[in-house]
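All of the numbers you see were taken from the coordinates with simple rules; none came from a lab. Computed from a prediction, not measured in an experiment: that's the story for all the values here. We place every Cβ from the backbone using ideal geometry, glycine too, and count neighbours over all the protein chains shown.
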Ligand SMILES: Cc1cc2nc3c(=O)[nH]c(=O)nc-3n(C[C@H](O)[C@H](O)[C@H](O)COP(=O)(O)O)c2cc1C
Ligand code: SF4
Ligand code: SF4
Ligand code: SF4
Ligand code: SF4
Ligand code: SF4
Ligand code: SF4
Ligand code: SF4
Ligand code: FES
Ligand code: FES
Ligand code: FES
C-alpha cells in the first residue's frame, strides 16, 4: 500500500496510464464507477485526489459525482491508510461480548481515533460491522489476519507482534 | 384522467399528477420544504406526508402520483403533530439566526416555523460548524443553514449541468458542498446563482454589495451612475407587492435618482448596441464567410464561463461582442464622460442586474477595463436593489415616473426583450434582416424562439437565405445543441444551425439567479410577458433604428465592428480549467 | 477414492484457522501416504466450533470434528484414518438421531450437558470403558464429544454408526447400554432421545457438503435440474409452483416471491434485470454470506429461474465488499456456469439467454434497500428514492428490475425440485417453508440454524443452540437486527412467523437473532442498534437524518444519568416522526429497538433517570466489565 500522500508531476503520466487501464477493464459497462474506485483503492489503499481527477476526465464522470460517491461509502478512503490496519468488529455479537472495551484499549494504546491513523502512520484503526466470525466474538483483524475471542489484555501483545512482523 | 378524493373533495386530474399538485387544484395546500416547482421531488423533508385510506403508509405528496380511487387526507391532528415534530427536528439542526439572515422575511423555513406555531426549542440544538464560503464573489454559502433539501444540487447538476455542488458524506454529517470538497472559487461554478434562487433558506444567498454602493453614493468625489438591466424592470415590483410582470421602468428611474445616482442609464440601450455589433458579426460570418459558424451569443457571463470550462472547442464560435452591461460601462466612462466633460476616473458605475454572474463578469478579463478604468464598478442584483430602496426611505409604490439620461438611455423593443429567452436572437434577427436586405422585417415577432421550451429551433427566411437558429436556456440544454453541431462538423455535413442563443438561466434573465424569490415557470411567463408587452407597444422595435444608437456611431464609434468598436466593445475567450484544484 | 475429509472453508472457518488445518492434513497425507481426498467446502453452520472438519473413512461412520487445530488435525490423520480411532474432545455429534441399532456399535460418544454441577463426562467415559471391559466387549471406542447437539439433558451418549442417542444417562444406565445396545443391538427406550432434529435443511442443503468452487459437486446434488424442469413447465408453471410453495422474500419484508415475479413478468419492457441482494448489512447476520460461500450455484440457479420466469436477460449479484470470500466464489461459479453453457445464449437449448455479473457494495447498509441498491449499481450515492415508480416498473438503468434476497433465491431450486406443495408443508399458515437464522450474542453455541417457520424462539435458542452462555438466565432476544425489536423472555414460546414477530413489536428481518442475558443492559443495547442506524442513515431525509441523531443524543443523556421523564416523552415523539415521515425502511424502522425496549423494559430507562449519575457510573463500570453485574431490574411485563 502506498504511503505517500502527494504525487509528483512526473508521476502524472503513470496515473494517466493506470487510470486508463482500470477504465479499459470496465469499458462499456454501465454504472462502472464503484467498481473502478474499488480497483483504484485496491492499488493505493485509498483514492488519491489526482487519480480521481484523472478518472473524471477519462470516463467523463464529474469530480462532483466521484466525491459524492467516495464520501458516501465508508469503504473508500481519501487519505492513505497506516502501514498496519486494525479493524475491530463492532457487529452485534462482538458488541455484546466486549468489543467496546477492545476499541478503547486500542485507542488508548495507540493514541488513535476510530477511522484515524497514528501520527507515525504505523497504524490505522477502523471499526467494522461483523467480519463474519461471530462465533469467535469479539473479533478483530490485523492486516487481514483474524483474531478471535480477544480480551483487552491481549491488545498490547497483538500490537507488539504486528510491529515486529 | 384520474378520479380521486382529497379531503372528501372529488377531483379529476391527468395521469401522473402528484398528490401535491392535485391538492392545489382544490385549494388544499400541503406544507412542503424540499419541493420546488421547477424540480423533480427530492422527497427529502418529509413534511408533505399524507394519509391514504386503507393503507398504513404515509406517502409523500410531492413524489407520489395520484391513483384512481385514492382517498387522501391531507390534514388531521396526527399529520399536524408528525409534521410539527419533523419541523422541530429540522430546526434543531439549524442556527437560530433569522434576524441576521439574508433570507429573513423571505425564508420558506421561517414561514413554516411561524405557521406551525413553533414557540420554543424543545430539542437541543446541534449545528455543525462549517465556515462560510464567500470565495467566488457572486454567491455566499452558509452551510450551517442548509436543510439538505437538495434543490441547489438538483439545479446545479441537472438543470445547469455544472456539477459545482453536491452532497458529501452521509447521515447527520451530510453536507452540501462545492463538488470535490473545494472552495466554490476552485469549483466549476459558473456563478449563475440558480442555486441561491432555488434555495428555500438563507444557506445560499447573493454576495450582498449594497454597503459598497452606499459608500460610493456618500462619497462626494464620486460621480455615481447606474444602469438597469431589461429583466429587472418586470421583477423588482414583486418585492413591493406588485403582480409579477408589472413593468416599473419609470418608477425605477425615479428611485435611482432618489438614491443619489447622478446619471441613470438603461441597459436596454446598450442591448441595442450589442445587437448592432453582434448582428454585424453574424452578417460578416453568414453572408461573407468571415469567421466561424454557427455564431453563438455571449452576453450571459455564466454561459461564457461554462463554455470556456466545458466546451472550449466552441470558443471561435462565440460572438466577441461584449454584454450590454459591459458595453454600457465602457460607454459611460468614455463617450458619456467626454460629452459631459466628467473625469472618467470619478465615474462610479453601478449596474442593477437580475444576475449573480454579472458580479463575476466585471473582472472577467482585462478587457473589462477598456475605458482605462474598471468599466462597471459594482453589479447589484434585483434583490439587493429592492433592499437598498427599502433602506433609503423611498416609498417606492408611491413614486412618480421618471426618465433616464438621454445619452445612454433611449432604447427599443429589441433591447427590452433581451431579458427573456429567445430575446437576443429575436432582436439580432430584426437587425440582421435589415443589414442583409436593407429593409425592416414585415412583422417583428419571431414566435418560434419565444416561450419556455428548453431548446427552441427555427428556420427563418431572410432574403432567400435560410437561417437556422437554436435557442437554449438552462445550461443542461446546451449540450444537445452543441453536440448536433459537433456531429455535423465531424461528418462533414451541413451545419444544423447558423446562430445559437444561450442563456444560462431557465427562462433567460427574467429567471435570473438574482431575481426576487419564488421563481417558477408561471412567474417566468408573467415576467416575460411584461417584456414582450413593452416591446409590442414600442414605436421603435429595432436596435438599428434607435436614434441614440445612430448618434453614438456617428459621433463616436464610427460603424459597427470598426477599430474603435473593437477596442471598446469586443472581448476574447479562452479555455479554462474546470477545477482549479 | 473412498476416504474424504471436508474442511469448512467459509470466512469463519478460515478465520479460525481452516487453512492451517488443511496444511497439517496435507502434510500428514503426504508423509503417511494416506489415500484420502481433502475437500474445501463451505460453511458447516456450527460457527461456535470453527474450524470444522468432517471425515468420511471407509468402513467408518461419518464424523464431524470441531475446534480443530494443527494438533487435532494431525490426530485425525493418524488416528482416525490410520487407526480408525476417533479423536478425543473434538467430535460434534450428529444432529440426525437413530431409532434402531442396525449396525454393530463401534463407537460410543459421551458428553455431560448439564449446565450446573461439575462436568462428569470423563467419569462416565471411564465408567463405560470399565463396563465394556467387565462385560468383555472389545473393539468399541469410547470418546468424549465436544458438542452433543443436545443441551441440558444431563449425560448424553450417542452410539455410532447407528446414531442412537441417549439422554439423562445415569451411572446406573451404563450397564444396560452395554448389555442391551452394544451387545444386544437393542434400544434402551427409557433414555432414548427421540425428538426429531428441529432443523430442516432446504436453503443450507448443500452447505458444508459440496465444494463450492466445483460445479460438478453441485451438479451431483441435482444441481441445475430445477432449471431444466422450469424450461419444461414454462414461466407460468414456475409462478404457479412458487405460489403453491408460499415462499415469501427472505430479505426482510416478506413479500410473496411469486407475486413479485408475476408483476415484473407482466411489465412490458424489452430489457429486464434480476438482482440478487447480497448486501447483508445487518450487524451480526451471516446467513447470506454462508450460503454464497458454501453453495453459490444454488443462488445462481435460483437467479436463472427468476430471470427465465420474468424474461430478464441480465443478473447482478450485489455483494458487500466486506465479503471477499463470497465474492470470489460467486465469480467462480459464474465463470464455471458460463463454461458449461448454463449462462450465455440459448441455455440448454431452451432459447433463453442470460448472463450474470458481480457488483460490489462499498460499506453502506442502506444499499440493501432496493432503490438505494439500484443507485449504487448505477454508480451513485446509495440514497433511496421514493416509490413509485417501483423497481419492477422502472429499476436499474430505468429498466424493469426484480430484486431478490440470497436466501430467497437459494430456496428456489429446492422448491422446484421438491415441488411447491412439499415445501409448503413446512411452516405456518401464512409463513411457509424454512428460515435461516444466525444466532449470536450470549448464546452458548453461536451458529447458523435453519428451522421451519413456526418453530418457537425458545426451541431455537435452547434446543438447537444450547441456551445461554454460562447458563445465565435469558432476558430477551432481538430479531430483525437494527430494524427489529426485543422479544422478552415471557414471549419466547411464540412460534416464529412474520406476523407473530411483528405483533410483538419486532420483525423477522433477514434472520439475525441476538440473545441477551439478564446482565445485559437494554438501554445500552438500544443505543448500540440506534447508533448503527444513525451511522448508516444516508442522510437524505430530515426525519431519519436528524431524528435518529437527536434520539441517540437523548439516549446518551439518559444513560449518563442526566435524563428526565420529559426526555422519554420526546423520545417517543421523535420515534413516531421517524416511523411516519422517513423516506425509506431504514428510518422507518430505526426507532423499533427504542420503542420495543420502552415497551418491555421501560423500568430500565427509569432506573437511569431515578438513579442519576451515580447509577449511570455504576452501570458503565459493569458494562465495561470492570465491576460484577448486579441483578438488573426486572422486565415490565406488558
Ligand atoms: C435499510 C434496508 C436494508 C436492507 N438490507 C437488505 C439486505 O442486506 N439484504 C436483503 O436481501 N434485503 C435487504 N433489505 C430488503 C430489500 O430492500 C428487499 O426488500 C429485498 O432484497 C427483496 O428481496 P426478497 O423479496 O427476496 O426478500 C433491506 C431493506 C432496507 C430498508
Ligand atoms: S435560513 Fe431562514 S430560518 Fe434560517 S436563519 Fe435564515 S431566515 Fe431564519
Ligand atoms: S421576530 Fe421575535 S425574535 Fe425576531 S426580531 Fe422580532 S421579536 Fe425578535
Ligand atoms: S451559481 Fe450556478 S453554477 Fe454556481 S453553484 Fe450555483 S447553480 Fe451551480
Ligand atoms: S443549500 Fe439550500 S437549496 Fe441547497 S440543500 Fe441546502 S437548503 Fe437546500
Ligand atoms: S439579457 Fe441578461 S446579460 Fe443581457 S442585458 Fe439582459 S440582463 Fe444583461
Ligand atoms: S441568463 Fe441572465 S441572469 Fe442568468 S446568468 Fe445569464 S445573464 Fe445572468
Ligand atoms: S430514511 Fe434514512 S436512510 Fe432512508 S432515505 Fe431517509 S435518511 Fe436515507
Ligand atoms: S459481530 Fe463481530 S464477527 Fe460478527
Ligand atoms: S415536500 Fe415532499 S418530502 Fe419535502
Ligand atoms: S447550488 Fe446549484 S442550485 Fe443551489
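If R₀ is 22 angstrom, what is the calculated FRET efficiency for the pair residue B:25 and residue B:75, using the beta carbon separation as r and rounding to 0.05?
FRET efficiency, residue B:25 to residue B:75: 0.85.
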Relative to the first principal axis of the alpha-carbon coordinates of chain A, what is the inclination of helix A:155-164, with its axis defined by its Cα atoms, in degrees from 0 to 90 and to the nearest 10? 50
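Work out how much length residue B:520 to residue B:97 would gain on full extension: take 0.36 nm times their residue separation and subtract the Cα-Cα distance, in nm to one decimal.
Extending this stretch completely gives an extra 149.6 nm.
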Could you give the nm distance between label points at residue C:194 and residue B:555, where each point is 7 Å from its Cα heading toward the beta carbon? 11.9
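What fraction of the Cα pairs in chain B, stated in percent, has a spacing above 32 angstrom?
47
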Gap in Å between the Cα centre of region A:92-135 and the Cα centre of region B:35-80? 43
Please give the peptides C:325-332, A:74-81 ranked by average Cβ packing (other Cβ atoms within 10 Å per residue), highest first, as a rough proxy for protection. C:325-332, A:74-81
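Could you estimate the translational diffusion coefficient of chain A from the Stokes-Einstein equation, with Rh from the Kirkwood formula over C-alpha pairs, at 25 °C and 0.890 mPa s, in whole µm²/s?
Details: Rh = 17.3 Å.
So the translational diffusion coefficient is about 142 µm²/s.
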Considering only DSSP beta bridges whose two residues both sit in the protein assembly as shown, what percent are antiparallel, to the nearest 5? 55
Taking Cα pairs under 8 Å and at least six residues apart, what relative contact order does region C:530-638 come out at, in percent? 29
At 222 nm, what helix-only mean residue ellipticity would the protein assembly as shown give, in deg cm²/dmol to the nearest 500, using -39500 (n - 2.57) for each DSSP H run of four or more? -10500 deg cm²/dmol
Calculated on alpha-carbon atoms, Rg and Dmax of region C:473-536 in Å: 11.4, 34
Using only the alpha-carbon atoms of chain C, report the extent along each of the three principal axes, biggest first, to the nearest angstrom. 78, 73, 45
Rounded to one decimal in nm, the spacing of the 7 Å Cα→Cβ label points at residue C:2 and residue A:156 is 5.7
Taking Cα atoms only, helix A:12-25 is inclined relative to the longest principal axis of chain A by an angle, in degrees rounded to 10, of 90
Going by average Cβ density within 10 Å per residue, which order do the peptides B:200-207, B:47-54, B:115-122 take, highest to lowest? B:200-207, B:47-54, B:115-122
The ratio Rg/Rh over the Cα atoms of region B:2-75, Rh being the Kirkwood inverse mean 1/r radius, stands at 0.92
Got the relative contact order for chain B handy, in percent, Cα pairs under 8 Å and 6 or more residues apart? 16
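Just counting partner chain Cβ atoms within 10 Å, what average do the residues of peptide A:93-104 show around their Cβ? Write down the numbers at each step before the final one.
Working: counts 15, 4, 10, 14, 5, 3, 1, 5, 4, 0, 0, 1.
Partner Cβ neighbours, averaged per residue: 5.
Provide the percentage of antiparallel DSSP beta bridges, counting only those with both residues in chain B; round to the nearest 5. Could you put the intermediate results ahead of the total?
Values: 26 of 50 bridges.
Of those bridges, close to 50 percent are antiparallel.
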If I take R0 = 22 Å and measure r between the Cβ atoms of residue C:472 and residue C:627 in this structure, what FRET efficiency does the formula 1/(1 + (r/R0)^6) give, to the nearest 0.05? 0.85
Please compute the volume of the convex hull spanned by the alpha-carbon atoms of region C:426-518 and report it per residue in Å³. 76
Averaged over the residues of B:84-97, the number of partner chain Cβ atoms within 10 Å of each residue's own Cβ comes to 5
The distance between the Cα centres of region C:602-627 and region A:8-76, in whole Å, is 49
Quick check: pseudo-label points 7 Å beyond the Cα along Cα→Cβ at residue C:233 and residue B:445, how many nm apart are they? 6.8
Percent antiparallel among DSSP beta bridges confined to chain C, rounded to 5, stands at 55
Springs between alpha-carbon atoms under 10 Å, Gaussian network over chain A: tell me which of A:30, A:58, A:153 tops the mean-square fluctuations. A:30
If you split all Cα-Cα distances of region B:421-570 into 5 Å bins from zero, what percentages do you get per bin, shortest first? 2, 8, 14, 17, 17, 18, 14, 7, 2, 0
Which values of log₁₀ I(q)/I(0), to two decimal places, follow from the Debye formula for the protein assembly as shown at q = 0.04, 0.06 Å⁻¹ with a uniform point scatterer at every Cα? -0.31, -0.65
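Just order C:592-605, C:527-540 by mean Cβ neighbour count inside 10 Å, highest at the front, would you? Present the calculation step by step, with values, prior to reporting the outcome.
Details: C:592-605: 22.8, C:527-540: 24.4.
Those peptides, ordered most packed to least, come out C:527-540, C:592-605.
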For region C:215-423, I need the span (max minus min coordinate) of the C-alpha atoms along each principal axis, in Å, sorted largest to smallest. 41, 36, 32
Per residue of C:360-372, count partner chain C-beta atoms within 10 Å of its C-beta, then hand back the mean as an integer. 3
Quick one: check the C-alpha center-to-center distance for region B:153-217 versus region B:364-422, whole angstrom. 24
